[in-house]
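S.K.: Next up is a structure, given as structure tokens.
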Amino acid sequence: MLLDDIEIFTVISETKSLSQAAERLYMSRPGLSQKIANIEARYGTKLYVRTSTGVVPTAAGQIVTKFAKKIATLETALSAELAAVDEHFDSTIEVGMSMNDGVALLPALVKRFHDLHPDALVHLDAGYEPELMEKLKSGKLDFALLENQPLDDGISRETLGYKRLLFCAPDRPPYNSVPQPVKIETLLEWPMIIYEWNSGRHMVGNRHFRERYNLSLTDHNMVARFDTHEAMVNGAKAGLGWASIPECVAERYRNEPGLIWFKIDTDPMRYPVDLAWHTGRVISPLALEFKDFIRDNVPAGYFHGRG
């Protein structure tokens, strides 16, 4: 089956019309009909039946169309793999990047560091803390910026500072009609959108409620688990429930219609942001310099305190 044939079968299956298919294929209507006739002659069977409303594949046409779609998928995969060969990026520094403060801090610092070291090729490997910790241990990363991650064997860390979780809810009753700060008892009644289960931020609220109120997160009225904070914000906007959001993400939604930001009648929920590295890995001088550069160039006022 020729690649031109594959495109014809897939387009006709989508349009169910020779006229529309010919337009999408940049062919004339008679030219497409002749092409189909040639393909039918090659396979020795009728592939389409013309009707007043379009074209319908015969049993043979359905089989050929199914195989054409499979081949199209394989051809796309082949193109992607060939492109990956040509687009290989030979990193000189491998840095793990947490999903929130890592994304907020590191790209701009990479730019400033690259101005000083044009030959530095930095790979920011974004992921959740457990995944990044495993990459640190296996030597795949020079270092990582992590949020609220406990120490592990062989891993050293330096705390850059502390950030807070903030709280958003739908701008509708009962959320927008309760006096602030919201009581813990009220919060436990409200539907709650929980964040990705293995993340560092997930454990901030867990530890906070256990230590102060002997409450587990399972004591909350959890209605959904979303794996990005952007999804949590959109869920709150839609009226699903309340959510806890890191400051660096919340700043982007401060004036978002349909949302309110509220306070809880408890201490602030803070979490550390750390640089972490494997003590057994030999880090290049350039990677060490970039690690120090991050520590020394965090924007003023970004953290509430430095550890």
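The values are calculated or read from the model by the stated rules, or taken from the named source; none is laboratory data. Note that the coordinates shown come from a computational prediction; the quantities given were computed from them, not determined experimentally. Every residue, glycine among them, receives a Cβ derived from its backbone with ideal geometry; neighbour counts consider all protein chains shown. Please note that ligands, DNA and RNA were not included when accessible areas were found on the heavy atoms of the full protein model with its side chains. Shrake-Rupley method; radii C 1.70, N 1.55, O 1.52, S 1.80 Å.
S.K.: Look through Leu240, Leu288, Leu275, Leu259 and report the one residue that is modelled with pLDDT of 95 or more, within 30 Å of Val110 (Cβ to Cβ) and under 27 Å from the mean Cα position of the chain (by Cα).
M.R.: Leu275
S.K.: Please verify whether Met203 is part of a helix (DSSP H, G or I) and either open to solvent by less than 10 Å² (accessible area, probe 1.4 Å) or touching a residue at least 40 places away in the same chain (Cβ under 8 Å) (or both), treating the condition exactly as stated.
M.R.: yes
S.K.: Something else: Run Pro173 past the list (1) in contact (Cβ under 8 Å) with a residue 12 or more places away in the chain; (2) in a loop (DSSP other than H, G, I, E, B); (3) more than 30 Å from Asp292 (Cα to Cα) and report the number of the one that doesn't hold.
M.R.: (1)
Residue by residue, here is whether (1) modelled with pLDDT under 90; (2) among the hydrophobic types (A, V, I, L, M, F, W, C) holds:
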{"position": "Leu2", "(1), (2)": "yes, yes"}
{"position": "Asp5", "(1), (2)": "yes, no"}
{"position": "Ala60", "(1), (2)": "no, yes"}
{"position": "Leu74", "(1), (2)": "yes, yes"}
{"position": "Ser79", "(1), (2)": "yes, no"}
{"position": "Ser91", "(1), (2)": "yes, no"}
{"position": "Ala104", "(1), (2)": "no, yes"}
{"position": "Pro107", "(1), (2)": "no, no"}
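S.K.: Within region 253-307, can you find the residues that are of a type in the set (Val, Ile, Thr) and open to solvent by 50 Å² or more (accessible area, probe 1.4 Å)?
M.R.: Thr279, Val282
S.K.: Output the number of residues of region 14-25 satisfying the condition of being small (Gly, Ala, Ser), part of a helix (DSSP H, G or I) and either out of contact with any helix residue (DSSP H, G or I) (no Cβ under 6 Å at 6 or more places or on another chain) or closer than 14 Å to Ile39 by Cβ (or both).
M.R.: So the answer is 1.
S.K.: Filter region 115-153 down to residues that are closer than 19 Å to Asp292 by Cα and open to solvent by 50 Å² or more (accessible area, probe 1.4 Å), then give me how many there are.
M.R.: Total meeting the criteria: 6.
S.K.: So in region 94-114, with the set limited to residues that are open to solvent by less than 20 Å² (accessible area, probe 1.4 Å) and over 20 Å from the mean Cα position of the chain (by Cα), which one is farthest from Ile283 (Cα to Cα)?
M.R.: Among residues in region 94-114 that are open to solvent by less than 20 Å² (accessible area, probe 1.4 Å) and over 20 Å from the mean Cα position of the chain (by Cα), the one farthest from Ile283 (Cα to Cα) is Leu109.
S.K.: Specify the residue that is surrounded by the fewest Cβ atoms within 10 Å (Cβ to Cβ); the eligible residues are those in region 213-246 that are assigned to a helix (DSSP H, G or I) and either free of Cβ contacts under 8 Å to residues at least 24 places away in the same chain or among the hydroxyl-bearing types (Ser, Thr, Tyr) (or both).
M.R.: Per the stated criteria, the residue is Thr218.
S.K.: Going by the structure shown, is Leu146 in contact with a helix residue (DSSP H, G or I) (Cβ under 7 Å, 6 or more places away or on another chain), in contact (Cβ under 8 Å) with a residue 24 or more places away in the chain and closer than 29 Å to Ala224 by Cα?
M.R.: The answer is yes for Leu146.
S.K.: Of the residues in region 12-31, how many are farther than 13 Å from Gly54 by Cβ, open to solvent by less than 40 Å² (accessible area, probe 1.4 Å) and aliphatic (A, V, I, L, M)?
M.R.: Residues meeting the conditions: 1.
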